[in-house]
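The values are calculated or read from the model by the stated rules, or taken from the named source; none is laboratory data. All values derive from a computational prediction rather than experimental measurement. Counting neighbours? That spans all protein chains shown, and the Cβs are built from the backbone with ideal geometry, glycine included. When the accessible area is computed, the model is the full protein with side chains, heavy atoms only, and any ligands, DNA or RNA have been set aside. Shrake-Rupley method; radii C 1.70, N 1.55, O 1.52, S 1.80 Å.
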Amino acid sequence: MQLREILTIEDSFYARQLRHVVSVVDLLHGFPRLPTIPLLLTKSRREGGGYIFRTRPSVPISINISVYADSPLITLLHEIGHLLDHLALNPIKQGFGSEHDTLFEPLRDFWATSRKIRRLNPDRRGKEGRNPKMRSFLRYQLEVTEIWARTYLQWVVAKSDDLLLQVCHDQVAANSPEIYWDVEEMNAMIPLVDQLFSEAGLR
């Protein structure tokens, strides 16, 4: 199944570019059979985006993208990463696959020794890391589901060699360099993500 069959995008100023993201993803991997999911544009200034779902049973509700996000396109890739983690790369459909599934073990092992992840540890950041707001932000970025979503979006950008996504990615990464992978570590992870999708039967 392809993402264009799953994600419904209504006409808007951003629709063409958002559909472009979907077409790029569809060239890289497939999806298991999933229900249709609406992509909803919001005007939230607090959250750039969100993957909304229900548990028991695990059901996707929507992917929300704010028109005020630093990059709606990169935000969409991030939320697609959460969707995959929740329902496509998670055979038992409880929690998120990145938290427990053996398919993610090579990636979790890499993240455990990553320079970038060590630098996100608030206990290693001195006075900055003791600031309550910054400490909360860093701990959120260290959640394995967030590490996977960033890994996925950067994998798509790297594998697709898509100029529009590359420009958007570079702008977002320049604004938050502490949370995005550098070229060396991302290149080391590309074959691990390739392997993950192959073993999941999605490539």
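Figures for the structure shown
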{"read-out": "Residues (of a type in the set (A, V, I, L, M, F, W, C) and either touching a residue at least 60 places away in the same chain (Cβ under 8 Å) or open to solvent by less than 10 Å² (accessible area, probe 1.4 Å) (or both)) located in the stretch 45-86", "value": "63, 65, 73, 74, 76, 77, 80, 83, 84"}
{"read-out": "Flag for residue 170 being modelled with pLDDT under 95, assigned to a helix (DSSP H, G or I) and open to solvent by 40 Å² or more (accessible area, probe 1.4 Å)", "value": "no"}
{"read-out": "One residue from 37, 74 being touching a strand residue (DSSP E or B) at 6+ places or on another chain (Cβ under 6 Å) and among the β-branched types (Val, Ile, Thr)", "value": "37"}
{"read-out": "In the stretch 13-35, the residues that are open to solvent by 70 Å² or more (accessible area, probe 1.4 Å) and more than 15 Å from residue 88 (Cβ to Cβ)", "value": "13, 16, 17, 19, 27"}
{"read-out": "Candidate set from the stretch 62-87 (those that are touching a His at 6+ places or on another chain (Cβ under 9 Å) and of a type in the set (A, V, I, L, M)); member that is farthest from residue 46 (Cα to Cα)", "value": "84"}
{"read-out": "Of residues in the stretch 133-167 being open to solvent by less than 70 Å² (accessible area, probe 1.4 Å) and outside any helix (DSSP H, G or I), the one farthest from residue 29 (Cα to Cα)", "value": "142"}
{"read-out": "Cβ pairs under 7 Å, 6+ apart, first in the stretch 7-28 and among the basic types (Lys, Arg), second open to solvent by less than 50 Å² (accessible area, probe 1.4 Å)", "value": "19/9"}
